[in-house]
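Step one of this worksheet: look at the structure below.
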Amino acid sequence: MEGILPTTAFSVSSSSSKSDRRSKSKSTQTSSKPSLVLALISCFAWLYVAGRLWQDAENRVLLVALFKKNSQQRPKMLTVEDKLMVLGCKDLERRIVEVEMELTVAKSQGYLQNQLKQSSSSSGKQFLAVIGIYTGFGGRLRRNVIRGSWFPNVDALSKLEARGVLVRFVVGRSPNRGDSLDRNINEENRATKDFLILGSHEEAHEELPKKAKYFFSSAIQTWDAEFYVKVDDNIDVDLDGLIELLQKRRGQNSSYIGCMKSGEVVSEEGKSWYEPEWWKFGDEKSYFRHAAGSVVVLSKNLAQYININSASLKSYAHEDISIGSWMMGLQTTYIDDSRLCCSTTTSQGVQDHQKALL
């Protein structure tokens, strides 16, 4: 029995030591897993930080390049001489603006020298008035009626011009240049020699506002006169009375003479006298004061203003409104003469003929 006890004790001690080693190995394995996780996390964190540092380095390179580029484009500091030059340019610009304004005023008063040279007649004579009678391609009957009443014949035209008054029928050209309409006017003019043909104007009823520009411009470029008169071809005019009226107004610049009126603006499309731009005339829809289109008289400087500025003058649907709008922006003297107002009559078979009471 005594010989067996030590062996048992040894076996017990050896088994306990094995169990201790197993427990230590298990604890070592369990403690190494968190270490690996932490190592992986720190590795990823290092890669992230390294990437951001690399990106920040690239951004810094780009910012430095942009800064250098902008610094090269930055304006230099102005010297005293540069500042004086800038001030001189501003002063010159101010003077140019002032001269342009003075030139505009001079143009409006008809003081443009080369235009005045063009407006002189071939004979060098200055007329009292140039009277233009608006007509059209279909107006031969009316022209014959006028020639048989107040309009002078071929022989009387020269005598009337000697008195300082020149009268012409005013007509444009056909949209189809050189057609029968143009040829008929040319033939009639060769026989009567009483036309002013507006070569640049296309004759049409809707083009009447533009016809006013071409008439006054062409008349003042062809003849030098104190007054330029526009008359409709359905008007009987007391020519002697008109000449007397103009003689009393001699020397009165910026004169806008006619039967002054105003009226309602027609805003309903399809009605007579419809104005497409009715909204420009205010809420009350009333026209400004203007001379009725039957007879309009302009002094030389106003006709010269139309001639010089015809390209930029606004035209409305009606001729008399258009002329009135051109006069509003000038130092114009409005002369309302009731003798230039017309009454409707019937004359020699032509219906709705009108008579100017002069």
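The values are calculated or read from the model by the stated rules, or taken from the named source; none is laboratory data. The structure displayed is predicted, hence computed values, not measured ones. So basically every Cβ, Gly included, is an ideal-geometry build from the backbone, and we count neighbours across all protein chains shown. Remember, those area values only see protein heavy atoms, side chains included, never the ligands or the DNA or RNA. Shrake-Rupley method; radii C 1.70, N 1.55, O 1.52, S 1.80 Å.
Looking at the range 249-261, which of its residues are open to solvent by 70 Å² or more (accessible area, probe 1.4 Å) and within 29 Å of the chain's Cα centre (by Cα)? If the condition is that a residue be open to solvent by 70 Å² or more (accessible area, probe 1.4 Å) and within 29 Å of the chain's Cα centre (by Cα), then 253, 261 are the ones that fit.
Rundown of residues vs (1) within 16 Å of residue 208 (Cβ to Cβ); (2) of a type in the set (Phe, Trp, Tyr); (3) in contact with a Ser or Thr (Cβ under 8 Å, 6 or more places away or on another chain), yes/no style:
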| position | (1), (2), (3) |
| --- | --- |
| 254 | no, no, yes |
| 259 | no, no, yes |
| 265 | no, no, yes |
| 272 | yes, no, no |
| 279 | no, yes, yes |
| 282 | no, no, no |
| 289 | no, no, yes |
| 294 | yes, no, no |
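Determine whether the range 197-219 contains at least one residue that is among the basic types (Lys, Arg), part of a helix (DSSP H, G or I) and free of Cβ contacts under 8 Å to residues at least 12 places away in the same chain. No; the residues of the range 197-219 include none that is among the basic types (Lys, Arg), part of a helix (DSSP H, G or I) and free of Cβ contacts under 8 Å to residues at least 12 places away in the same chain. Taken over the range 273-300, the criterion of being among the hydrophobic types (A, V, I, L, M, F, W, C) and without any contact (Cβ under 8 Å) to a residue 60 or more places away in the chain is satisfied by 273, 278, 279, 281, 288, 291, 292.
If you take the residues of the range 262-284 that are open to solvent by 70 Å² or more (accessible area, probe 1.4 Å) and touching a Phe, Trp or Tyr at 6+ places or on another chain (Cβ under 8 Å), which of them is modelled with the lowest pLDDT? Applying the filter and picking the extreme gives 268. Being surrounded by fewer than 16 Cβ atoms within 10 Å (Cβ to Cβ) and either part of a strand (DSSP E or B) or not basic (Lys, Arg) (or both) is a property that residue 172 lacks. Flag not set for residue 177, criterion: closer than 20 Å to residue 218 by Cα and over 33 Å from the mean Cα position of the chain (by Cα).
In this structure, does residue 156 turn out to be small (Gly, Ala, Ser) and either closer than 18 Å to residue 295 by Cβ or modelled with pLDDT under 85 (or both)? Considered against the rule, which asks whether it is small (Gly, Ala, Ser) and either closer than 18 Å to residue 295 by Cβ or modelled with pLDDT under 85 (or both), residue 156 comes out as yes.
Residues that are under 30 Å from residue 305 (Cα atoms) and at pLDDT 85 or above: does the range 102-113 have at least one? No.
Yes/no per residue for (1) assigned to a loop (DSSP other than H, G, I, E, B); (2) in contact with a Lys or Arg (Cβ under 7 Å, 6 or more places away or on another chain); (3) open to solvent by less than 30 Å² (accessible area, probe 1.4 Å); (4) acidic (Asp, Glu):
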{"site": "247", "(1), (2), (3), (4)": "no, no, no, no"}
{"site": "288", "(1), (2), (3), (4)": "yes, no, no, no"}
{"site": "296", "(1), (2), (3), (4)": "no, yes, yes, no"}
{"site": "314", "(1), (2), (3), (4)": "yes, no, no, no"}
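Residue pairs whose Cβ atoms lie under 8 Å apart, sitting 6 or more positions apart in sequence or on different chains, and linking a residue in the range 321-339 that is touching a residue at least 40 places away in the same chain (Cβ under 8 Å) and among the aromatic types (Phe, Trp, Tyr) to a partner that is part of a helix (DSSP H, G or I) and open to solvent by less than 70 Å² (accessible area, probe 1.4 Å), are 334/327. Annotation: of all residues in the range 219-245 being open to solvent by less than 70 Å² (accessible area, probe 1.4 Å), over 35 Å from the mean Cα position of the chain (by Cα) and of a type in the set (D, E, K, R), the one that is farthest from residue 197 (Cα to Cα) is 238.
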